[in-house]
Amino acid sequence: MLTRYILCTGFIILLTYNSLSAGIINPIQPADFPLALINKTDTYNQESVWAYNSSRSDIFIEFGFQSLLVQELTFDNERIKMEVYQLDSPESAFGIYSLSVINCEKRDTLSPFDCVSRFEYQFAHGNLYGIVTSESGSLNARKLLFAVANMIRQKNPQPILVLPDIFKLPQLLKSRGNLVYIRGPVGMQNCQIPWQELFLGMKFSMYAIYLPTLENDVYFGRITFPTPRDQSRFMYAAGLMSGTIPIPNCTTSDNLYHEYKQIDSQTIHFLQSQEPYTIDAVVNGVR
């Protein structure tokens, strides 16, 4: 009995330790940059993050927010601020990143999912979404942005995001800067994919991309629904139902072409264009 009690107690302690450890982001320490001064290190949870970033907390919560680490560092005369948000999955971290860098001009410099500008460096790293900013925007400051971001990545090993295979095709890789991941209404309101009205009142997750062509604008998505009811509601909203029977394509009252293909029991490919442009054309890179 005593042995069983010890084992059970140890298991409970282990569970408690794991739950307390969940959401921990390893911060930068003085030894990481001996010539820098760490002026501030703060952490936030699901309750306190609203006080720190009230304007965007709703979208972070929608994407499975776990915790936030904020640090401010001084390197001689350069002041650097770092914010690292931990989400519940690599998809969610990429989702926040993808909705935050829509107008970014220079991407994928040091890692597959990053964006650099004069005053700011953003990145998605596994479950983490990071923003590192400088006050001066000098060349030296930009080097420090990279150094601080790299240190955080080294101190926080993460699972690698694997995009669905279709978004690795050459014809879609050309437009990867337009790729977003969305998993709720707040994300839909913050993206440039014009499907907000198609997702009212349903649960879903979606990779979607804008594919400019010579003839018209094409929007393509890989959408996953947790239940058949959610998919049915989407199909009706998209005009892809005739009574209770799904139809492969349609032209809406707004003269938009819609097409879908079932991938598995929960996932579809969906396309919208101004003129008929098929899913097969997207997949094969031909009209």
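The values are calculated or read from the model by the stated rules, or taken from the named source; none is laboratory data. Please read all numbers here as calculations on a predicted model, not as lab measurements. Please note: Cβ atoms are built from the backbone with ideal geometry, for glycine as well, and neighbour counts cover all protein chains shown.
Points worth noting:
- On the stretch given as segment 211-224, residues that are crowded, with 18+ Cβ neighbours inside 10 Å, free of Cβ contacts under 8 Å to residues at least 60 places away in the same chain and out of contact with any Pro (no Cβ under 6 Å at 6 or more places or on another chain) total 4.
- Meets criteria (charged (D, E, K, R) and not in a loop (DSSP other than H, G, I, E, B)) for residue 275: no
- Filtered residues of segment 253-272 (kept if of a type in the set (Asp, Glu) and either part of a helix (DSSP H, G or I) or surrounded by fewer than 21 Cβ atoms within 10 Å (Cβ to Cβ) (or both)): 254, 264
- Restricting attention to segment 47-102, the residues that are part of a loop (DSSP other than H, G, I, E, B) and either more than 26 Å from residue 177 (Cβ to Cβ) or not assigned by TED's automatic domain parsing to the domain that holds residue 115 (or both) add up to 6.
- Any hit, segment 159-166, residues being in contact with a Phe, Trp or Tyr (Cβ under 9 Å, 6 or more places away or on another chain), surrounded by fewer than 20 Cβ atoms within 10 Å (Cβ to Cβ), among the β-branched types (Val, Ile, Thr) and under 30 Å from residue 24 (Cα atoms): no
- Test: residue in segment 225-245 that is in contact with a Ser or Thr (Cβ under 8 Å, 6 or more places away or on another chain), of a type in the set (Ser, Thr, Tyr) and surrounded by 15 or more Cβ atoms within 10 Å (Cβ to Cβ): no
- Test result for residue 145, surrounded by 13 or more Cβ atoms within 10 Å (Cβ to Cβ), assigned to a loop (DSSP other than H, G, I, E, B) and modelled with pLDDT of 90 or more: no
- Within segment 102-131, considering residues that are of a type in the set (Asp, Glu) and within 11 Å of residue 146 (Cα to Cα), the one surrounded by the most Cβ atoms within 10 Å (Cβ to Cβ): 114
- The set of residues from segment 167-210 being buried (at least 19 other Cβ atoms within 10 Å of the Cβ) and without any contact (Cβ under 8 Å) to a residue 24 or more places away in the chain comprises just one member, 188.
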